[in-house]
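Everything on this sheet refers to the single structure shown next.
The values are calculated or read from the model by the stated rules, or taken from the named source; none is laboratory data. These numbers come from a predicted model, not from an experiment. We place every Cβ from the backbone using ideal geometry, glycine too, and count neighbours over all the protein chains shown. Side chains included, ligands, DNA and RNA excluded: accessible areas come from the protein's heavy atoms. Shrake-Rupley method; radii C 1.70, N 1.55, O 1.52, S 1.80 Å.
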Amino acid sequence: MSESSRRPRALITGVTGQDGSYLSELLLAKGYEVHGVKRRASSFNTERVNHLYQDPHEDDVRFRLHYGDLTDSTNLIRLVQEIQPDEIYNLAAQSHVAVSFETPEYTANADAIGTLRLLEAIRILGLEETCRFYQASTSELYGKVQEVPQSETTPFYPRSPYGVAKLYGYWITVNYREAYGMFASNGILFNHESPRRGETFVTRKITRAAARISLGLQDTVYLGNLDAQRDWGHARDYVEGMWRILQHDTPDDWVLATGEMTTVRHFCEMAFKAAGIAVRWEGENEEEIGIREDTDAVVVRVDPRYYRPTEVEQLLGDPSKAERELGWTPSVTVEDLAAEMVQSDLALAHVQPEVA
Ligand code: NDP
Ligand code: GDR
């Protein structure tokens with residue numbers, strides 16, 4: 001294929017994560033050549049993209065992985081130079097809010113300065129006019145509630161080292177757009193989940209526990225703040241939104257959300273119901289417990305260890321701009337999302353019953 005008629009080429013950082021795997025599938029289905037950045041780890045970390053692997057010795061390989069790290073600017077410059085991508089999706093991050101309180105400096109390095117490093121790579125290599133840039137911004141920017149629902153014009157007030165690092169990522173993306181005329185856009189994405197969600201995020205922790213409790217493999221799940229409210233959608237819908245953001249005529253900032261909000265407690269009820277267990281609640285605050293109706297066994301307990309030093313209590317997105325201008329709409333309700341995740345975790349529990 002000649003250079004002028006070559007396939008569109010995307011570089012995805014964070015390709016081994018939840019969103020990176022769905023985005024890779026989407027772009028491959030659209031005919032892209034996809035290059036992903038994976039980190040070196042002491043054990044395999046490509047589980048979510050193994051099904052996309054192609055033997056690099058074959059002809060017309062369209063999915064390739066490269067070692068890299070957002071904390072290594074020389075690595076990023078070399079990769080961008082070698083790959084010459086038309087689109088970069090910066091999904092790599094230390095993405096766990098609670099963990100960011102434990103590793104604030106690393107989180108800032110990867111999530112904030114990592115974004116700068118990639119933007120600088122584009123600038124240093126003179127690709128400002130040919131390479132579009134997507135930044136994985138987040139509803140955690142809103143943090144302490146200023147208005148409900150939150151839209152592109154709602155003021156930011158981040159409440160964690162993660163949120164503060166992502167605030168830098170957001171603004172440096174806006175700044176490079178304005179300073180250098182780059183096509184650099186932010187997707188301000190509200191929580192999105194799937195069967196591929198990491199096991200320590202609350203939805204997956206709950207669906208995994210509900211599945212295992214229903215099979216008698218686990219007794220109880222310990223959670224933190226049951227009152228937190230989130231706007232939960234399906235990751236597959238949200239990666240479609242990322243792609244649409246980079247196909248728009250002009251670079252801009254966009255909220256992707258469902259416009260529906262659910263408490264952690266209610267998500268528990270939905271997940272346990274999908275696993276065939278009805279739950280009722282007793283007690284308050286740290287004493288609150290979830291009891292299964294059929295046996296009166298306690299299946300949910302609160303452990304204050306999971307409370308955060310500063311919490312984000314309520315996130316509800318207003319996706320009307322994306323609906324109007326990108327034609328993007330979410331297609332999965334939170335009930336269906338919980339049910340799909342529980343079904344997947346039931347299947348996994350059958351295969352790996354010994355994994356605690
Ligand atoms: P995951 O935690 O599932 O994936 C994060 C990815 O980043 C993994 O591939 C991880 O690699 C990689 N990574 C972490 N640190 C580095 C580093 N220093 N250098 C290179 N790669 C690194 O996140 P999601 O897929 O859920 O989220 C994707 C992005 O979107 C993240 O930036 C997240 O902050 C943001 N976001 C997510 C939302 C959500 O609800 N899911 C909502 C809004 C924003 P490894 O597999 O080796 O750990
Ligand atoms: P969040 O997701 O912090 O919104 O960040 P998470 O699922 O971790 O927490 C959601 C809410 O649930 C409460 N919670 C618990 N959370 C976890 N992880 N474990 C628990 O046991 C537990 N109990 C209650 C939390 O306090 C919180 O209020 C996610 C990440 O994907 C970010 O990268 C992304 O930017 C945002 O979503 C949008």
Among strands (runs of 3 or more DSSP E) entirely within the stretch 33-97, at least 2 residues that are near ligand 1 (Cβ under 10 Å from one of its atoms) occur in 33-38, 87-90
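Residue-wise test of (1) out of contact with any Leu (no Cβ under 9 Å at 6 or more places or on another chain); (2) open to solvent by less than 10 Å² (accessible area, probe 1.4 Å); (3) under 19 Å from Val255 (Cα atoms); (4) among the hydrophobic types (A, V, I, L, M, F, W, C).
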residue: Glu105; (1), (2), (3), (4): yes, no, no, no
residue: Leu127; (1), (2), (3), (4): yes, no, no, yes
residue: Arg132; (1), (2), (3), (4): no, no, yes, no
residue: Ala136; (1), (2), (3), (4): no, no, yes, yes
residue: Val145; (1), (2), (3), (4): no, no, yes, yes
residue: Tyr176; (1), (2), (3), (4): no, no, no, no
Selection over the stretch 297-356 where residues are over 20 Å from Val239 (Cα atoms) and β-branched (Val, Ile, Thr) yields a count of 9
**Prompt:** If you go through the stretch 214-227 one residue at a time, do you hit one that is within 15 Å of ligand 2 (Cβ to nearest atom), in contact with a Lys or Arg (Cβ under 6 Å, 6 or more places away or on another chain), open to solvent by less than 40 Å² (accessible area, probe 1.4 Å) and at negative phi?
**Reply:** yes
For the stretch 317-346, pairs from a residue that is without any contact (Cβ under 8 Å) to a residue 24 or more places away in the chain to a residue that is in a loop (DSSP other than H, G, I, E, B), with Cβ under 6 Å and 6 or more apart or across chains, are Glu323/Thr329
- Any chance the stretch 173-182 includes a residue that's of a type outside the set (A, V, I, L, M) and within 11 Å of ligand 2 (Cβ to nearest atom)? no
By residue number, the members of the stretch 98-136 that are of a type outside the set (Phe, Trp, Tyr), in a helix (DSSP H, G or I) and within 11 Å of ligand 1 (Cβ to nearest atom) are Val99, Ser100, Thr107, Asn109, Ala110, Asp111, Ile113, Gly114, Thr115, Arg117, Leu118
Apart from one, (1) more than 16 Å from ligand 2 (Cβ to nearest atom); (2) at pLDDT 95 or above all hold for Val148; the odd one out is (1)
Look at Thr203 and say whether it is near ligand 2 (Cβ under 10 Å from one of its atoms) and closer than 20 Å to Glu340 by Cα.
yes
Of (1) exposed (fewer than 15 other Cβ atoms within 10 Å of the Cβ); (2) in contact (Cβ under 8 Å) with a residue 60 or more places away in the chain, Ser5 satisfies every one except (2)
Over the stretch 44-87, the set of residues among the hydroxyl-bearing types (Ser, Thr, Tyr) and at pLDDT 95 or above is Thr46, Tyr67, Thr71, Ser73, Thr74
